[in-house]
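Down below is the structure, laid out as structure tokens.
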Amino acid sequence: SIPVMSHDVFISHSTKDKTVADAVCSNLENADIRCWIAPRDIRAGDSWGSSIIKAIEQSRVMVIIFSENANASQQVMREVERAVQKNVVVVPFRIDGVEPTADMEYFLSATHWLDAMTPELDAHLETLTSTVSSILNPDESNAQAPAPKPKSVAPLAYSQPRLAPSKKKSKLVIWIGLAAAAV
């Protein structure tokens with residue numbers, strides 16, 4: 001028999017970022033996207049580790065609340081590694097301007113990040129919800145217009161592939177030009 005999924009999204013976060021993780025969970029669930037988040041969804045008496053592994057295996061998407069706290073968390077690192085191993089789509093939701101550790105970079109370097117470092121958390125949550133919804137329902141998202149981008153999200157140099165020094169200036173000029181055109 002095929003197991004019934006009770007959720008679509010696994011939310012990975014440091015306990016120090018619980019407030020943002022809870023906001024992400026609430027926003028996704030208000031859009032009818034089923035989420036799994038610890039400790040809420042670990043049944044009393046169950047093993048923490050096996051509960052997390054089962055939840056990741058049953059997820060289609062992992063949202064990682066990426067921060068300095070998550071970057072330093074071995075627990076978050078293990079969750080991201082398991083998601084990548086299980087072919088779960090990982091969506092990093094960056095709330096701090098911290099560069100990923102080498103371990104975290106290994107798993108997330110090929111993934112497009114959503115930056116949520118400016119104060120308009122609601123706008124970032126809308127973008128995240130739209131992104132996750134389009135991953136879960138690709139046919140529906142093709143018929144809809146793209147979600148509006150938050151107004152003041154500036155690209156960060158380290159969120160882009162590392163370039164040779166001679167190319168960095170031209171890349172910066174392009175980003176400045178794009179930013180000016182968007183205003």
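Filtering segment 85-132 to residues that are in contact (Cβ under 8 Å) with a residue 24 or more places away in the chain and among the charged types (D, E, K, R) leaves LYS86, ARG94, ASP96, GLU99, ASP103, ASP115, GLU120, GLU126.
In summary, SER59 fulfils each of the numbered conditions (1) within 16 Å of PHE93 (Cα to Cα); (2) buried (at least 19 other Cβ atoms within 10 Å of the Cβ); (3) of a type outside the set (A, V, I, L, M) with the single exception of condition (1). Taken together, the residues in segment 11-36 that are loosely packed, with under 15 Cβ neighbours inside 10 Å and among the β-branched types (Val, Ile, Thr) amount to 2. SER6 falls short on exactly one of the conditions (1) modelled with pLDDT under 95; (2) part of a helix (DSSP H, G or I), and that condition is (2).
The values are calculated or read from the model by the stated rules, or taken from the named source; none is laboratory data. Quantities reported herein were computed from a predicted structural model and do not represent experimental measurements. Virtual Cβ from ideal backbone geometry, glycine too; neighbours counted across all protein chains shown.
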